[in-house]
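What follows is one structure encoded as structure tokens, with my remarks underneath.
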Amino acid sequence: MPASDNIPPIARPFVSERAKKTLDLVEEFVEKECIPADALFSAQLGEGEQRWKTTPPILEELKAKARKLGLWNMFLPKNHFSEGAGFSNLEYGLMAEYLGKSKVAPEATNNAAPDTGNMEVLAKYGTEEQKRQWLKPLLEGEIRSAFLMTEPNVASSDATNIGFSIRREGDEYVLNGTKWWSSGAGDPRCKLYIVMGKTDPSNPNPHRQQSVVLCPAGLPGITVHRMLSVYGYDDAPHGHGHISFNNVRVPVSNLVLGEGRGFEIIQGRLGPGRIHHAMRTIGAAEKALEWMIARVNDERKKTFGKPLSSHGVILEWIAKSRIEIDAARLIVLNAAIKIDQGDAKAALKEIAQAKVLVPQMALTVIDRAVQAWGAAGVSQDTPLAYLWALVRTLRIADGPDEVHLQQMGRRENKARKDAITAKLKWQKDEADRLLTANGFKVMSHLERRTKQNRETMRPFFFGAYACTIQCRAYLRTYIHKYIHAYIHMYSTRDRNYGHENKKKGLSKEEARQDFIHSTGQILLDLKNSN
Ligand SMILES: Cc1cc2nc3c(=O)[nH]c(=O)nc-3n(C[C@H](O)[C@H](O)[C@H](O)COP(=O)(O)OP(=O)(O)OC[C@H]3O[C@@H](n4cnc5c(N)ncnc54)[C@H](O)[C@@H]3O)c2cc1C
């Protein structure tokens, strides 16, 4: 079934015929050209230092094929940019799902992060000169870029903490500070750093202190210290750079949008980028499910005489994965439609929902697939281990889950608390009015609770009562018996024992011991007889 037949009905009315055709082409290109080429890409990268110096030739071959098919720059939405391929966020979202199934597909079609977000920044906020110098070669896929915001010495999920200094001196900005997790900075074709720092650290408004400047890679004063790994994967040649700046100078014309507008830019940049990540991640989850299905139907590898797919729990994993992927896809497509109908700002809630939900869903699905593969699942023999590492970072990158959840929770609470409180009060008043009008007693909350409690507890009270009655009867029988036995013993003691003692010639103390012994024996007999 072609990809266009799988578009969820809810999204179908928003997808053009041209987009459907392109979607089918994307699917075919990814499944038939890119996925088989992933292994060759890794092989051509080689080992050691060379991994950071080469661009695997297969990539350029795929780029040429993709361009011929018209599969190029689909990410720039037509509503907001004229430079892209003319698709909406929704249409590109559907395509991005397939791109997420292959390592090389996003770059082969020039839809790879972080270039996509960086191109959006330049297209949206750049001057004509900035666009000519940087956007054009990026759109052509000639160079690559990195976005430098996160710093090693501060908690960067709160961007007001950013300490990087951008100080103006005459016609230049002087850049000082250290950045890390600068994704893409390892690539020898990375020519542009988009850097966020503080131009006005004493501004009383903490959201007006930051600015964004364009900085060519390799300027004097820039040191790339190392590439950080992700669960041991180096992500070469892309990489995640740890970079310091020591009095690096750029012309003031490299400022983007204006001083103090850094926050505005990162907000604008991260919105659609999160949707792209989310849709690619849906593709990663689909891929994991495919691998799981392949393994559980492998006739050669049965457990307890049956293929894994005959075990109920495995079928449950498949079913749950299907449900979770399909539900998450709807969340992402909904966010994409919302952006298309307004802009990223209008879709903040929907974007955050997708940003948080999709990686968590995909991690669950990938984990099931790993489990189904057994030890092979954690090795390099399946793509699952790498997929898991890749997707795990998405719960942190572009802002950790907790920050998005906090903001979402705060917004939801603030926006709804008054209306909800008023509505519930109105509903209660209306319910009381209806009860009174129909001759029923209006009960207070406490009265209702007491009545409810009484009704709930009634069976327990009844049980406890019946128990008490039974115990009392039981106890009464025993107590009566014991009392009777004592009375009998005491009343007959003098008569029987006095006479007997005399007959036996026992002293008073011996008689007392004999009595204690006899009484004990009587009680023991009584107990045994019951
Ligand atoms: C693979 C990868 C690629 C990346 N690429 C880039 C890039 O290209 N450019 C770039 O600038 N950055 C990049 N990053 C960095 C990423 O954006 C940051 O790691 C992220 O914003 C979190 O910042 P931090 O690491 O400083 O964590 P911190 O801010 O120190 O936060 C640590 C933890 O604290 C918790 N936390 C934070 N706030 C709250 C809260 N309000 N309530 C409860 N808990 C909270 C969260 O669990 C969080 O994970 C990348 C990261 C990864 C892993």
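The values are calculated or read from the model by the stated rules, or taken from the named source; none is laboratory data. Treat the numbers as computed from the prediction; the structure is a model and nothing was measured. Positions of Cβ are backbone-derived with ideal geometry, glycine not excepted, and every protein chain shown enters the neighbour counts.
Structure values in brief
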item	result
Answer residue from region 336-356, given it is in contact (Cβ under 8 Å) with a residue 40 or more places away in the chain and under 16 Å from the mean Cα position of the chain (by Cα) and is surrounded by the fewest Cβ atoms within 10 Å (Cβ to Cβ) among those	349
Selection status of residue 184, within 12 Å of the ligand (Cβ to nearest atom) and farther than 21 Å from residue 403 by Cβ	yes
Listing of strands (runs of 3 or more DSSP E) fully contained in region 174-242 that carry 2 or more residues being in contact with a Lys or Arg (Cβ under 9 Å, 6 or more places away or on another chain)	190-198, 210-216
Cross-chain or 6+ apart pairs with Cβ under 7 Å, region 421-432 first and in a helix (DSSP H, G or I), then surrounded by 10 or more Cβ atoms within 10 Å (Cβ to Cβ)	432/442
Condition check for residue 281: touching a residue at least 60 places away in the same chain (Cβ under 8 Å), on the phi < 0 side of the Ramachandran plot and of a type in the set (S, T, N, Q)	yes
Helices (runs of 4 or more DSSP H) lying entirely in region 54-130 (those with 2 or more residues that are out of contact with any Leu (no Cβ under 8 Å at 6 or more places or on another chain))	57-69, 89-99, 115-125
Filter result (within 16 Å of the ligand (Cβ to nearest atom) and among the hydrophobic types (A, V, I, L, M, F, W, C)) within region 80-121	112, 113, 119, 121
Residue within region 90-99 that is among the hydroxyl-bearing types (Ser, Thr, Tyr), under 28 Å from residue 265 (Cβ atoms), touching a Phe, Trp or Tyr at 6+ places or on another chain (Cβ under 8 Å) and outside the structural domain of residue 213 (by the TED database) present	yes
Given (1) more than 10 Å from the ligand (Cβ to nearest atom); (2) farther than 30 Å from residue 296 by Cβ; (3) in contact (Cβ under 8 Å) with a residue 12 or more places away in the chain; (4) among the polar types (S, T, N, Q), index of the condition residue 382 fails	(2)
Filtered residues of region 53-84 (kept if over 21 Å from residue 102 (Cα atoms) and without any contact (Cβ under 8 Å) to a residue 60 or more places away in the chain)	78, 81, 82, 83, 84
Qualifying residues in region 165-181 (those that are buried (at least 23 other Cβ atoms within 10 Å of the Cβ) and within 16 Å of residue 261 (Cα to Cα)) - the one farthest from the ligand (Cβ to nearest atom)	173
